1. If you go through the range 55-69 one residue at a time, do you hit one that is at pLDDT below 85 and out of contact with any strand residue (DSSP E or B) (no Cβ under 9 Å at 6 or more places or on another chain)?
2. Being in contact with a helix residue (DSSP H, G or I) (Cβ under 6 Å, 6 or more places away or on another chain), closer than 19 Å to Phe89 by Cα and in a helix (DSSP H, G or I) is true for just one of Thr223, Thr238. Which residue is that?
3. Can you report the number of residues in the range 271-293 which are surrounded by fewer than 18 Cβ atoms within 10 Å (Cβ to Cβ), of a type in the set (D, E, K, R) and under 20 Å from the mean Cα position of the chain (by Cα)?
4. Look through Phe330, Phe257 and report the one residue that is at pLDDT below 90 and surrounded by 18 or more Cβ atoms within 10 Å (Cβ to Cβ).
5. Just checking, which of Pro355, Pro402 is surrounded by 14 or more Cβ atoms within 10 Å (Cβ to Cβ), touching a residue at least 40 places away in the same chain (Cβ under 8 Å) and not in a helix (DSSP H, G or I)?
6. Need the failing condition index for Trp79 against (1) crowded, with 16+ Cβ neighbours inside 10 Å; (2) in a helix (DSSP H, G or I), just the number.
7. Could you tell me whether the range 363-372 includes any residue that is at pLDDT 95 or above and farther than 30 Å from Leu438 by Cα?
Amino acid sequence: MDTVASWGEHAATQPTHHVPPAWRERLEARVLHPLRSTGFRYYVWVAFLLALIGWALYAYSQQLERGLIVTGMRDRISWGLYIASFVFFIGISHAGTLLSAILRAVKARWQMSITRMAEFITVVALMVGALFPFLDMGRPERILNLLTYGRWQSPLLWDIMAIGTYLTGSTLYLYLPLIPDFALCRDRLGPSAPAWKRWFFTAAALGWQGTPAQRLALDRAMTVMMIVIIPVAVSVHTVVSWIFAMTLRDPLNSTVFGAYFVAGAIFSGIASIIILMAVLRRLLHLEEYITATQFVSLGYLLGAFTLIMGYFNLSEYAVTGYKMAEGTRFHFEQLMVGPFAGLFWFYILGGMVLPGLIILYPRTRTIAGIVTASVLVLVAMWIERYLIVVTGFRVPLMPYDPAWYMPTWVEWSILAGAFALFALIITVFAKLFPVVSLWEVIEHRGPEPAPLRSGTQPAPGPDVRGRAVGRTP
């Protein structure tokens, strides 16, 4: 703790670089604008999301009334779209808090304007993903039996504990950097804001005045959470993978699933951050503060993980294919030349090869190109989770014909409602809270230097890492 304390004391006492007052006022006005006014299109969008959620609730009511017979799941393929989506949402939750914590640890200042978006994705994805095990149960009230009579040897019980711990830690990690911005909202919005909103910001700010003692305490708390959340995040998706890897089914019985799932989680999580960043940048007019710097930097990370994911896939398929144990031939055939070949090759080519090529070439390494690569990755990673679940359960354990699974309208409707709930929570959050960490951007990053013209020198000022740039004396 001495190291943490000394780091906090150093950070709390270091002077920040000069920030032009006009730039700071512009930043505050732009980020706080959604909190002050609401347009007609916002209500239309919310109504559309609520309609999707309402339809999903109707579909779920049919499942509650008639049982899981309304889904495509049966005794031989008992996990389907619900569990695949559960793994997907838990996966995209990882890059938010995990990436934010790692980048804070290495003091990468370019990410200050997107940390809050990343951290909020974690909390929302965990909240939505945790619903799918309930949806997968014909009798959801029996989830209490897992807590009352659950066996500690079961990976299912480990999963509940890991997700609960990660959700608690991620919520704290999201809340701590919000405290100074809550105080800023309390002071800036004034009497024009509704009384309930003024009360909320006052209470949530916890009496923040920006004193050295308060800054030191906040730095210490954020540093501790930053250190704790990284191993917790890694452990969560490792435990999720063990639900599959600790079975004796041939395609799922793998010793590398832990590392493979963690890498896939970060891969899809980076893609989700890029997409959310692009959407909020466009809708909230944050082009001056979320620039090509953030997209290209995250694009490089996305490109690096295409290589990591390619390595894991090559290792998995090459090793199991070389041995060709019982059941492997059927599994490979259904994936590569059988009924799932289209999905499998889209995952390989469209989810790893093509995004990697887009990021590799400078001509396509643009904001539009990186967002396109991210959309491909996100779709491909959902398909990958679907293939793991469905094709894994489809391999016969006894000499009978392989089963078949096709999601019904009930399952698709509930999945659409889950995505709508994910979007609705983010939409409401963007209306109630600053989506950019104002105090961190102002203190640690500041404005980016203007693009250089040919033959000119950069004007003195802070670069994206907060260091002074310009002519050397």
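The values are calculated or read from the model by the stated rules, or taken from the named source; none is laboratory data. On a predicted model such as this, the values are computed, not experimentally measured, just so you know. Note that each Cβ is placed from the backbone with ideal geometry, even for glycine, and that neighbours are counted across all protein chains shown.
1. no
2. Thr238
3. 1
4. Phe257
5. Within the list Pro355, Pro402, the selection yields Pro402.
6. With respect to (1) crowded, with 16+ Cβ neighbours inside 10 Å; (2) in a helix (DSSP H, G or I), Trp79 is out only on (2).
7. The answer is no; no qualifying residue exists.
Yes or no, residue by residue, for (1) touching a residue at least 40 places away in the same chain (Cβ under 8 Å); (2) over 30 Å from Tyr60 (Cα atoms); (3) outside any helix (DSSP H, G or I):
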{"site": "Ile143", "(1), (2), (3)": "no, no, no"}
{"site": "Leu167", "(1), (2), (3)": "yes, no, no"}
{"site": "Tyr175", "(1), (2), (3)": "no, yes, no"}
{"site": "Arg186", "(1), (2), (3)": "no, yes, no"}
{"site": "Ala203", "(1), (2), (3)": "no, yes, no"}
{"site": "Val234", "(1), (2), (3)": "yes, yes, no"}
